[in-house]
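Here is the structure we will look at, set down as structure tokens.
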Amino acid sequence: MDYKVLNLKASSSPHIRANEDVRSIMLDVVLAMVPALLAAIYFFGMRALTVTAVSVIACVVFEYLYCKIMKKPQTIGDLSAVVTGMLLAFTCPVSIPYWTLIIGDAFAIIIVKQLYGGLGKNFMNPALGARAFMFSWAGTMGTWVANGSHMTIGPSTPEAIDGITAATPLSFLHQGLMPDGTSLMNCFMGQVGGSLGEVSALMLIIGGIYLCWRKVISLHIPLAFILTVAVLTFLFPQGGQDGMTWMLYNVLSGGVMLGAIFMATDYASSPITHKGQIIFGIGCGLITVFIRYFGTYSEGVCFAILVMNCTVWLIDRYVKPVRFGFVKAEKSDKKEAAAK
């Protein structure tokens, strides 16, 4: 038999077969984000759907064009561009102009993802990298529409959103105050202002439970992240507030749930070991609280995850399992080897 004509692939052991592939995993992530998207449509109107759709379409088009121009295999079928588009839209206010969002999509796909080699080779989360870049338009990214405003799907203009903006719970927390007129149940259900995909903690938790059930993610990073934020804000409440209430507002407000469940768990930009994932999650929580307490910007989730993305190589290097069959040398053996 001529083995040269066979389509054989050589790989190192152990050989594991599984039904999951990149497309199935990304499809699970998309399905897990649907509850949060439905909540955004309910609270902010149909523009939440059109913003998400524009972002997804732009990401897919940019990925297709890049692969076409660079003569690389097309990867739009793996749905990773769809996930990036949805996540980036989720981190933006519903009033964001479409052109600003499309520029962010181009940055996420071309700069953060493809120029580093494509899916699995990016060192940071593409959607978060793009969101940080989009703070070049600080006024646009910091304008939050009041819950229940139901914006039209047309182009966003200052006149269109004038009079319907509102302070988010985080803006009060950043000043050491309890959110005015916003209960913990409002934060949990999503009846607050904020990014279109982060307001409903309930829907994000439902999505997280689905991902855990499907074994797409583990609980190590989300729990380490959320518990770190909870412990720090409980031990160090601001403004003389009650520790438990202050902690719950901090956990349920802003992007903690979205970041911990959907972004910090990105395979390419998070540690591979369970111990490393716990360290990663704790680091994200620490930096999030540090920025919220001492930074000029009220939210710290995006920058916390990006900073920790840059440390993953170091975590993976020093927190790694012992090789199978490896026997640690005794001190006497080391001394003898050094003497020789």
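Counting only helices (runs of 4 or more DSSP H) that sit wholly inside the range 285-340, those with at least 1 residues that are of a type in the set (K, R), at pLDDT below 95 and surrounded by fewer than 16 Cβ atoms within 10 Å (Cβ to Cβ) are 312-318, 331-339. Would you say K68 is in a helix (DSSP H, G or I) and either in contact with a Gly (Cβ under 9 Å, 6 or more places away or on another chain) or farther than 22 Å from A268 by Cα (or both)? Spelling it out, K68 is indeed in a helix (DSSP H, G or I) and either in contact with a Gly (Cβ under 9 Å, 6 or more places away or on another chain) or farther than 22 Å from A268 by Cα (or both). Of all residue pairs spaced 6 or more apart or on separate chains, those with beta-carbon atoms under 7 Å, a first member in the range 236-249 that is over 17 Å from S171 (Cβ atoms) and a second member that is in a loop (DSSP other than H, G, I, E, B) and open to solvent by less than 60 Å² (accessible area, probe 1.4 Å) are G243/P237.
Across the range 135-151, the number of residues qualifying as buried (at least 22 other Cβ atoms within 10 Å of the Cβ) and modelled with pLDDT of 85 or more comes to 0. Number of residues in the range 247-279 that are in contact with a Ser or Thr (Cβ under 6 Å, 6 or more places away or on another chain) and either at positive phi or open to solvent by less than 10 Å² (accessible area, probe 1.4 Å) (or both): the value is 1. Applying a threshold of 6 Å to beta carbon distances and a minimum spacing of six or more residues, or different chains, the list of pairs starting in the range 274-300 at a residue that is closer than 19 Å to S195 by Cα and ending at one that is of a type in the set (D, E, K, R) and in a helix (DSSP H, G or I) reads G300/R292. Counting only residues that are hydrophobic (A, V, I, L, M, F, W, C) and open to solvent by 70 Å² or more (accessible area, probe 1.4 Å), which one in the range 152-188 is modelled with the lowest pLDDT? Within the range 152-188, the match that is modelled with the lowest pLDDT is I153.
With respect to the conditions (1) assigned to a helix (DSSP H, G or I); (2) of a type in the set (S, T, N, Q); (3) closer than 19 Å to S136 by Cβ, T52 lacks only one, and its number is (3). Checked against (1) buried (at least 23 other Cβ atoms within 10 Å of the Cβ); (2) at pLDDT 95 or above, L38 meets all criteria but (1).
Pairs only if they're at least six apart or on different chains, beta carbon under 9 angstrom, first in the range 192-212 and under 19 Å from M26 (Cβ atoms), second of a type in the set (F, W, Y); list them, first residue then second. Close Cβ pairs (under 9 Å, with a partner that is of a type in the set (F, W, Y)) amount to G197/F90; G197/F262; L204/F262; G207/F262; G208/F262; L211/F262.
The values are calculated or read from the model by the stated rules, or taken from the named source; none is laboratory data. What you see is a predicted model; the values in this text were computed from it and never measured. In this analysis, Cβ positions are derived from the backbone assuming ideal geometry, glycine residues included, and neighbour counts consider all displayed protein chains. What goes into the accessible areas is simple: the full protein's heavy atoms, side chains included, and nothing from ligands, DNA or RNA. Shrake-Rupley method; radii C 1.70, N 1.55, O 1.52, S 1.80 Å.
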